[in-house]
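In what follows, a structure is listed as structure tokens, so that the remarks can point back to it.
Values in this text are rule-based calculations from the coordinates and carry no lab data. Keep in mind that this is a model prediction, so the values were computed, not measured. Cβ placement follows ideal geometry from the backbone for every residue including glycine, while neighbour counts extend to all protein chains displayed.
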Amino acid sequence: MALRDVLAYPDPRLREKARPVTVFDEALKTLARDLAETMYAEPGIGLAATQIGVAQRVITIDVREEQGQPGELLKLVNPGIIESEGEIVGEEGCLSVPGIREDVKRAEKVKVRAQDLDGRELFFDAEGMLAVVFQHEIDHLDGMLFIDRLSPLKRSSIKKRLRREAEQAANNG
């Protein structure tokens, strides 16, 4: 297991569309373990492989602490939303967009199809926080950030601020 660096906006690798996983081997299991360890260390409740610079459709999710109830660590391959319904607005943040939290409109309920680390097909009916995290992480696999779901004016303002901060950090580092 190894902790990986989480990419931060405006890193262009965050905009890459992840490739479907076709080989279910030890390297995939290692990637999923590294994702989970990195997610917990940050700390976060979800992490997509694209956020650590790996353009493969792999995510980890654990919303137990957020919901104050038992749950489990999900390590999912090739996840996709096959149904959605309703609408909720809630505050989101992102490990790749540090320091920014904004209200985002999402589907209230989603049905997700994915595979486990051995390639077996899985289905999830999710609502509330879990549904939001599924949508957020699958967006990452499609090269999209939560700030892309904000109004153009708000998005522009946040992107300028993040670019300026990245430039200052590069100049000071």
Checklist entry - Among Ala48, Ala126, Ala107, which is surrounded by 18 or more Cβ atoms within 10 Å (Cβ to Cβ), of a type in the set (Gly, Ala, Ser) and under 21 Å from Thr22 (Cα atoms)? => result Ala48
Next on the checklist: Could you check segment 132-165 and list, in sequence order, the residues that are small (Gly, Ala, Ser) and free of Cβ contacts under 8 Å to residues at least 40 places away in the same chain?
Outcome noted: Ser151, Ser156, Ser157
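Could you list, in sequence order, the residues of segment 36-45 that are surrounded by fewer than 23 Cβ atoms within 10 Å (Cβ to Cβ) and of a type outside the set (Asp, Glu)?
Passing the criteria: Ala36, Thr38, Tyr40, Ala41, Pro43, Gly44.
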Checklist outcome for this item: Of the listed residues (Phe146, Phe134), the one being under 22 Å from Pro20 (Cα atoms), touching a Cys at 6+ places or on another chain (Cβ under 6 Å) and surrounded by 20 or more Cβ atoms within 10 Å (Cβ to Cβ) is Phe146
